[in-house]
Amino acid sequence: MALHLDWAGVLSGQPAQWILSGFLTTVWVTVAGALLATLLTVLLLALRQTGGKAGRGLVATWVSLFRNTPLLVQLLFWYFAAWNVLPQSFRLYVNDDHAFSILPGDVWWFTPEFLSSAWALGLFTAAFLVEEIQAGLAAVPRGQTEAALAQGFSPQALFRWVLLPQGLQNAWQPVVGQYLNLMKLSSLATGIGLGELTYQTRQIESFNAHALEAFAVGSALYLLLGLVMSLLFNLPRHWRALRRTAELRHDR
C-alpha cells in the first residue's frame with residue numbers, strides 16, 4: 001500500500017501553527033539558556049581561578065552535581081518541586097498575562113514552563129562549558145601567565161585579559177558543540193515530559209495531518225537551526241584565518 005503524504009495539510013492551518021510555535025519556542029529557550037549558561041560559566045571560571053581552594057571546591061561540587069544529574073530530572077525538579085517553594089504572590093504574578101512576556105513569534109517567556117526550561121538548561125550546560133574551557137585554560141603556556149603577573153596583572157585581570165580569551169580559543173570547537181547540544185536539548189525542555197509531546201501529536205492527527213509529515217517538517221527546521229548556529233559560532237575563526245592569510249600575503 002502506497003503511503004500518501006499530505007504535505008499541504010501539514011504546512012497550512014492549525015498543524016503548521018503548532019509546528020512553528022514549537023520551533024520558535026525552542027529557539028527562544030535556546031537563546032535564554034545559552035545566555036544564562038555563558039554568564040554562569042564565566043562566573044564559575046573566575047571563581048575557580050581566583051577563589052583559592054574554597055572556590056575550586058565549590059566549582060567542583062557544582063560541576064559534579066549538574067553534570068551527573070539527568071537533564072529530565074533537573075527539569076522536573078525545577079518545574080514541579082522548586083517552583084512550588086517560591087512565594088505564592090510571585091507564582092501568581094508569573095501566571096498572569098503580561099505584555100512584556102510576548103517574544104517575536106508569539107512566544108511567552110514569562111511563564112513557569114519557559115523559565116524552568118531555560119534555568120535548567122543554563123545550569124546543565126554551564127557545568128559542561130566550565131570543564132571544556134578549563135581544558136583550554138590548561139593549554140595556555142605558563143610563561144604567559146608568569147609574564148602577565150610580572151607586569152603587575154591582578155588575578156582578575158590575568159583571567160579577563162590573558163587566560164579567558166586564549167582558553168576560549170583553545171576550546172572553541174568543544175564549546176560550540178555544547179551550545180549546539182543545548183539547542184537539541186531545548187526541544188525536550190519545552191515539552192516538560194513525554195505527555196506534552198504525545199498530546200501535540202494527537203492534536204495534529206485530529207486535523208487529518210499525518211504525524212510523520214509533522215515530524216519531518218519539524219526535524220528539517222531543527223536541522224536547519226543547528227546548521228545556522230554552527231556557521232555563526234565558527235564565523236570568528238574563519239575571519240581570523242582569512243585575516244592571517246591576508247597578512248601573510250601582504251608580508252610577502
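The values are calculated or read from the model by the stated rules, or taken from the named source; none is laboratory data. Here the structure is a predicted model, which means the values were calculated and not measured. Don't worry about glycine lacking a Cβ; one is built from the backbone with ideal geometry, like all the others, and counts go over all protein chains shown.
Being within 20 Å of the chain's Cα centre (by Cα), within 24 Å of W83 (Cβ to Cβ) and of a type in the set (A, V, I, L, M): is that true of L129 here? Spell out how you get there, then give the answer.
Numbers: within 20 Å of the chain's Cα centre (by Cα): yes; within 24 Å of W83 (Cβ to Cβ): no; of a type in the set (A, V, I, L, M): yes.
Criteria not met by L129.
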> Right, A118: of a type in the set (A, V, I, L, M) and either over 20 Å from L35 (Cβ atoms) or touching a His at 6+ places or on another chain (Cβ under 8 Å) (or both) or not?
Replying inline: no
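Being among the small types (G, A, S), out of contact with any Phe, Trp or Tyr (no Cβ under 9 Å at 6 or more places or on another chain) and without any contact (Cβ under 8 Å) to a residue 60 or more places away in the chain is the filter here, so list the residues in the range 117-142 that pass it.
Scanning the range 117-142 gives A135, A138, A139.
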> For the range 124-157, how many residues are over 12 Å from V42 (Cα atoms), part of a helix (DSSP H, G or I) and either of a type in the set (V, I, T) or in contact with a strand residue (DSSP E or B) (Cβ under 6 Å, 6 or more places away or on another chain) (or both)?
Replying inline: 2
> Can you name every residue in the range 106-130 that is surrounded by fewer than 17 Cβ atoms within 10 Å (Cβ to Cβ) and among the acidic types (D, E)?
Replying inline: D106
> Does Q74 satisfy being in a helix (DSSP H, G or I), over 18 Å from G122 (Cα atoms) and either modelled with pLDDT under 85 or touching a Leu at 6+ places or on another chain (Cβ under 9 Å) (or both)?
Replying inline: no
>> Of all residues being in contact (Cβ under 8 Å) with a residue 40 or more places away in the chain and among the acidic types (D, E) in the range 89-116, which is nearest to S186 (Cα to Cα)? Just the residue, please.
In response: E113
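Answer yes if at least one residue in the range 181-202 is in contact with a Lys or Arg (Cβ under 9 Å, 6 or more places away or on another chain), more than 29 Å from R48 (Cα to Cα), modelled with pLDDT under 70 and surrounded by 13 or more Cβ atoms within 10 Å (Cβ to Cβ), and no otherwise. So that I can check it myself, show each step before the final result.
In the first step, residues of the range 181-202 are kept if they are in contact with a Lys or Arg (Cβ under 9 Å, 6 or more places away or on another chain); the result is none.
Looking for residues that are in contact with a Lys or Arg (Cβ under 9 Å, 6 or more places away or on another chain), more than 29 Å from R48 (Cα to Cα), modelled with pLDDT under 70 and surrounded by 13 or more Cβ atoms within 10 Å (Cβ to Cβ), one finds none in the range 181-202, hence no.
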